[in-house]
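First comes the structure, then the notes that go with it.
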């Protein structure tokens, strides 16, 4: 089988693996009573899926993961948390995958830029969806709730993501499974 036909199969298999990790990882971090949920365990496999498999796979895994986990295990609660998380995680996977694949250099610096942009975009989408969902329910979503939910309560998870995801990508680069370097496809298009 040629490389062109193998790639979608590999990406689909990796996406299923990231989905499985996203389903199981919250059980492990949930054992840490004080900050378990603040570690944002479902975010990590979605970011990695977007980076490794591409934005389309990251978007799909990110959207399905919280809804599937809610249906299987009852957590997160589907309305409004699970639905808002579905849009948030889909944004993470899509934005990081698209930005990184279109970066001139695929390196740790580009990775951090893409991660920060995806984090901001995902949290913004989460806030908008929360406003809409809570507005339907007749409840308000205040600016304080947004800041607390998107940033203050998420600080341990953000720190973990900023350390762990680049470390995993560097390790994958060293093994040859993922390669850092110049984005040759992009450079051919812009005529470097």
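When you scan segment 98-118, do you find a residue that is in contact with a helix residue (DSSP H, G or I) (Cβ under 8 Å, 6 or more places away or on another chain), farther than 28 Å from residue 183 by Cα and surrounded by 15 or more Cβ atoms within 10 Å (Cβ to Cβ), even just one? So far as segment 98-118 goes, no, none of its residues is in contact with a helix residue (DSSP H, G or I) (Cβ under 8 Å, 6 or more places away or on another chain), farther than 28 Å from residue 183 by Cα and surrounded by 15 or more Cβ atoms within 10 Å (Cβ to Cβ).
Considered as a group, the residues in segment 164-183 that are surrounded by fewer than 16 Cβ atoms within 10 Å (Cβ to Cβ) and out of contact with any helix residue (DSSP H, G or I) (no Cβ under 7 Å at 6 or more places or on another chain) include one that is farthest from residue 34 (Cα to Cα), and that residue is 182.
Residues are listed down the side, and each one gets a yes or a no for (1) touching a helix residue (DSSP H, G or I) at 6+ places or on another chain (Cβ under 6 Å); (2) over 16 Å from residue 66 (Cα atoms); (3) surrounded by fewer than 15 Cβ atoms within 10 Å (Cβ to Cβ):
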site	(1), (2), (3)
8	no, yes, yes
19	yes, no, no
23	yes, no, no
32	no, yes, yes
36	yes, yes, no
41	yes, no, no
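In segment 77-86, of all residues being within 17 Å of the chain's Cα centre (by Cα) and over 18 Å from residue 161 (Cβ atoms), the one that is surrounded by the fewest Cβ atoms within 10 Å (Cβ to Cβ) corresponds to 81.
Could you say which residue among 130, 161 is at pLDDT 95 or above and surrounded by 17 or more Cβ atoms within 10 Å (Cβ to Cβ)?
161
The values are calculated or read from the model by the stated rules, or taken from the named source; none is laboratory data. A quick note: this is a predicted structure, and the numbers were derived from the prediction, not measured. All Cβ positions, even for glycine, are placed from backbone atoms using ideal geometry, and neighbour counts span all protein chains on display.
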